[in-house]
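Taking it in order: structure first as structure tokens, then the write-up.
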Amino acid sequence: MKENVIIIGGGVAGLEAARQMLSLGLRPIIVEQSDHLGGHVACWHRLFPDMTPARELVAKLVESCREANIFLETTVQSINRLKDGYAVMLSNGVNILSRAVLIASGFKLFDAAKKEEYGYGVYDHVITNRDLENWFAGAEDLRIPREPKVFGFVHCVGSRDIKAGNTQCSKVCCMTAIKQAIEIKEKFPGCEVFCFYMDLRLFGKKYEDFYLNAQRDYGIRFIRGRVSEVSETIDGRVQVKAEDTLSGKPLKIQMDCLCLMAGMQCNPSATSIADMLHVEVDTDGFLRSKDNIYSILESQKPGIFFAGACTGTKTVPETVAEARAAALSIFNYLSR
Ligand code: SF4
């Protein structure tokens, strides 16, 4: 059965689904709007909790998809429902017929500049999780001082925040903050590192151990409380005001660098595909599954499937597991 299956999105979900589809004898066609495969993970340095190099995972997935058709820098222009499937027109002029479509268009990171009180884009030494990850991966970033003495992380930036329009927990940023805090301590052992959190959401395998190691082995300090104000000192450092809600005391700390943990939002390209297909969008802005327990990978429309963060915030292992399951669901659907 060599049937086309269109996969919209060439991140981890799209690649893993394509890999599985190839092994099931299907013909996956990946449509990716950026110029690279691997999505956000391709721009990440290491993955928690095992500190796996992200590029190794992406390289493995890309290698296993060599037999798939892949269109980079390509978008879906239109999708029309046929009697038995869909006609998909791409921005490069290619038309494809497919009885099943997998939406794996992932997420976008919240724009931290929208939280004006943190001064991202205004103060020299306020950065985001993505900036720091790029720097760990070797990119130059002059906002990160050569020998920081005090480094801070702010959790829940643009997540769990009604004012930011996103009440969801982004799931990965508590662990990302801990991972990045450890990496800072490894690079600069003498640096004091603070994490400001509302709650720590450490639900996955080995996550709690990872957190305990961060405190015990690296001396990272976790402060429960929201940062209320960030400003710049006369010598270019960052001054952070917060309240420690466990001790009830206000805090004022000067730092060399402050990293904002920007959360996940639905990718606007997923919403535009949903419009074309008349697939519903949920109250959280992500695509709505047929149900949230048994059919999370299916849409309300026949032949339209989901994998990964297009339906909600996901970790990398969850994304991989969903992609495998979606490939199998599509195979079963096409075999009926
Ligand atoms: S994972 Fe942690 S930092 Fe991220 S939104 Fe949830 S509680 Fe906030």
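The values are calculated or read from the model by the stated rules, or taken from the named source; none is laboratory data. The model shown is predicted, which means the values in this text are computed figures rather than measured ones. For neighbour counting, all protein chains shown are included, and Cβ atoms are generated from backbone atoms with ideal geometry for every residue, glycine included.
For region 93-107, which positions are in a strand (DSSP E or B) and farther than 20 Å from Glu16 by Cβ?
Listed by number, the residues that qualify are Asn95, Ile96, Leu97.
Of the residues Gly190, Gly165, Gly119, only one is under 21 Å from Gly312 (Cβ atoms) and of a type outside the set (Ser, Thr, Tyr); which?
Going through Gly190, Gly165, Gly119 in turn, just one is under 21 Å from Gly312 (Cβ atoms) and of a type outside the set (Ser, Thr, Tyr): Gly165.
Here's the yes/no breakdown for (1) within 16 Å of the ligand (Cβ to nearest atom); (2) of a type in the set (Asp, Glu); (3) surrounded by fewer than 20 Cβ atoms within 10 Å (Cβ to Cβ):
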| site | (1), (2), (3) |
| --- | --- |
| Lys115 | yes, no, no |
| Tyr118 | yes, no, no |
| Val126 | no, no, no |
| Asn134 | no, no, yes |
| Ala137 | no, no, yes |
| Lys149 | no, no, yes |
| Phe153 | yes, no, no |
| Cys156 | yes, no, no |
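Yes or no: region 57-69 includes at least one residue that is in contact with a Leu (Cβ under 8 Å, 6 or more places away or on another chain), of a type in the set (Val, Ile, Thr) and in a strand (DSSP E or B). Let's see the steps before the verdict.
In the first step, residues of region 57-69 are kept if they are in contact with a Leu (Cβ under 8 Å, 6 or more places away or on another chain); the result is 57-58, 61-62, 64-65, 67-68.
Now narrow it down to the ones that are of a type in the set (Val, Ile, Thr): 58, 62.
Right, trim to in a strand (DSSP E or B) and you get none.
Checked region 57-69: no residue is in contact with a Leu (Cβ under 8 Å, 6 or more places away or on another chain), of a type in the set (Val, Ile, Thr) and in a strand (DSSP E or B).
I'd like to know if region 115-133 contains one or more residues that are under 24 Å from Gln239 (Cβ atoms), modelled with pLDDT of 95 or more, out of contact with any Pro (no Cβ under 8 Å at 6 or more places or on another chain) and polar (S, T, N, Q).
The answer is yes; a qualifying residue exists.
Out of the residues in region 179-220 that are within 16 Å of the ligand (Cβ to nearest atom) and touching a strand residue (DSSP E or B) at 6+ places or on another chain (Cβ under 6 Å), state the one that is farthest from Gln254 (Cα to Cα).
The selected residue is Met198.
Here is a check on your reading of the model: is Thr245 under 18 Å from Ala309 (Cα atoms) and surrounded by fewer than 18 Cβ atoms within 10 Å (Cβ to Cβ)?
Answer is no for this residue.
Here is a check on your reading of the model: is Leu109 modelled with pLDDT of 95 or more, under 22 Å from Gln300 (Cα atoms) and surrounded by 14 or more Cβ atoms within 10 Å (Cβ to Cβ)?
Numbers: modelled with pLDDT of 95 or more: yes; under 22 Å from Gln300 (Cα atoms): no; surrounded by 14 or more Cβ atoms within 10 Å (Cβ to Cβ): yes.
In short, no.
May I ask you to list the residues in region 166-178 that are closer than 18 Å to Asn129 by Cβ and either in a helix (DSSP H, G or I) or more than 8 Å from the ligand (Cβ to nearest atom) (or both)?
Asn166, Cys173, Cys174, Met175, Thr176, Ala177, Ile178
Would you pick out the residues in region 152-209 that are touching a His at 6+ places or on another chain (Cβ under 7 Å) and within 20 Å of Glu229 (Cα to Cα)?
Listed by number, the residues that qualify are Ala177, Cys195, Phe196, Tyr197, Met198.
I'd like to know if region 140-163 contains one or more residues that are at positive phi and either not assigned by TED's automatic domain parsing to the domain that holds Gly236 or not in a strand (DSSP E or B) (or both).
Yes; the residues of region 140-163 include at least one that is at positive phi and either not assigned by TED's automatic domain parsing to the domain that holds Gly236 or not in a strand (DSSP E or B) (or both).
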